[in-house]
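Read the figures in this text as sums done on the coordinates, not as results from a lab. Keep in mind that what you see is a predicted model, and the values were worked out from it rather than measured. As a convention, Cβ positions derive from the backbone with ideal geometry for all residues, glycine included, and neighbour counts pool all protein chains shown.
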Amino acid sequence: MSGIFSVLQKLAAPPVVTREAAVRMAEQLAATQHLISSLEYLASPRDRQRGGLNNWEVSKYNFPVRSPDARRFLDMAASPCGTVGVHCVRMIMAAYLMVPGSAPRRRLVADTVLAGTSMLMYPRHHYGTDGSDQMAFLIQSLTLLARLSDKQARIVDACLWTIALQATMSYALSGYVKLTSPTWRQGRALPGIMRTHTYGDATIYKVLSSSPLAARLAGFLVLAMECTFPLVFLRSGRFAPLILAVAGGFHLANARVMGLGRFVWSFAASYPAVLYVVQPKRAKRAGKGNERAV
């Protein structure tokens, strides 16, 4: 019995994530989001044509630039050929990061290109970007900083802590804000969302609208997942795998029902950092391996 109990304890223990593994998985998952977003932007050229939400001849006035050179550079990047070219480069860099075993210095270049072009393309796709783009940009920028500081373990750890804390705040604050809303507390929020054209689903709306109990239960589960996310830090991360699995399932459900597929990759990119920072220090020391941080 003691042998079986020991095996079960090991299976229930949080996985040991090394510093290098956390950085590598974070940049790979964030790169996946960048690849998907570039494909989606290229698949919707009508948004950038005359009359579209992101017609540059109109939307460029949302971003006044004093420097004539900077204005010409933005206009060139926002041109039809420029937009396609930038996204092709982004897809190549993202695909490179998704391949395991590539040289750290080359990964640094790919991280730099993805972070830089994210800033460059933000004015171009101002209407249509969302929290997944912002989260992926943040993570790619922090993995870039970690690669630049590859021999400074404390700086790399600070980058991973920033990613983990950002993920925690994103979930927890979203849940706490929902708690202040009677619509969420009374279970009326999800049916209202499901009846919209942009994020709705007719089948789910029929189920929730016909069953107030199911609507309240679904709303409660969303609130519970978001508000209790900070529990990942309790007991040296013992609850972290379960909480992250539930959060990941939440994003998968949103991808199916609401069409928010990019959120799966951008928020999953924060999970390796969460697992790394919540584990005991002895586990981090055991997985350190050598002097090189990443």
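Near Phe63: Cβ cut-off under 10 Å, other residues only, Lys/Arg at +1 and Asp/Glu at -1. The net charge is +3. At q = 0.13, 0.14 Å⁻¹, what is the log10 ratio I(q)/I(0) for segment 15-286, with the Debye formula run over Cα points and no solvent? Normalising to I(0) and taking log10 leaves -0.96, -1.07.
Over the chain, what is the relative contact order in percent, taking alpha-carbon pairs closer than 8 angstrom and at least six residues apart? Contact order relative to length: 30 percent.
The residue among Leu53, Cys227, Thr32 whose Cα reaches farthest toward the positive pole of the charge dipole of segment 15-286, with charges on the beta-carbon of Lys, Arg, Asp and Glu, is Cys227. Residue separation of Arg256 and Ala158 scaled by 0.36 nm, minus their Cα-Cα distance, works out to 31.8 nm of gained length.
Reducing segment 148-196 and segment 87-125 to their Cα centroids gives an inter-centroid distance of 25 Å. If R0 equals 25 Å, the separation of the Cβ atoms of Val58 and His197 corresponds to a calculated FRET efficiency of about 0.60. Annotation: extensible slack from Val177 through Arg50 equals 41.9 nm (criterion: 0.36 nm per residue apart, minus Cα-Cα distance).
Taking the Cα centre of the chain as reference, the dipole from Cβ charges on Lys and Arg (+1) and Asp and Glu (-1) amounts to some 560 debye. In this structure, Ala21 and Leu217 have a Cβ-Cβ separation that, at R0 = 51 Å, corresponds to a calculated FRET efficiency of about 0.85. Extension gain for the segment Val84 to Val246, taken as residue separation times 0.36 nm less the Cα-Cα distance, is 54.6 nm to one decimal. Listing Tyr41, Tyr276 from fewest to most neighbouring C-beta atoms within 10 Å gives Tyr41, Tyr276.
Close amide H pairs (under 5 Å, H built 1.01 Å from N) link Leu260 with Ala255, residues at least 5 positions away or on another chain.
Label-to-label distance, Ala95 versus Gln134, with points set 7 angstrom from Cα along the beta-carbon direction: 3.1 nm.
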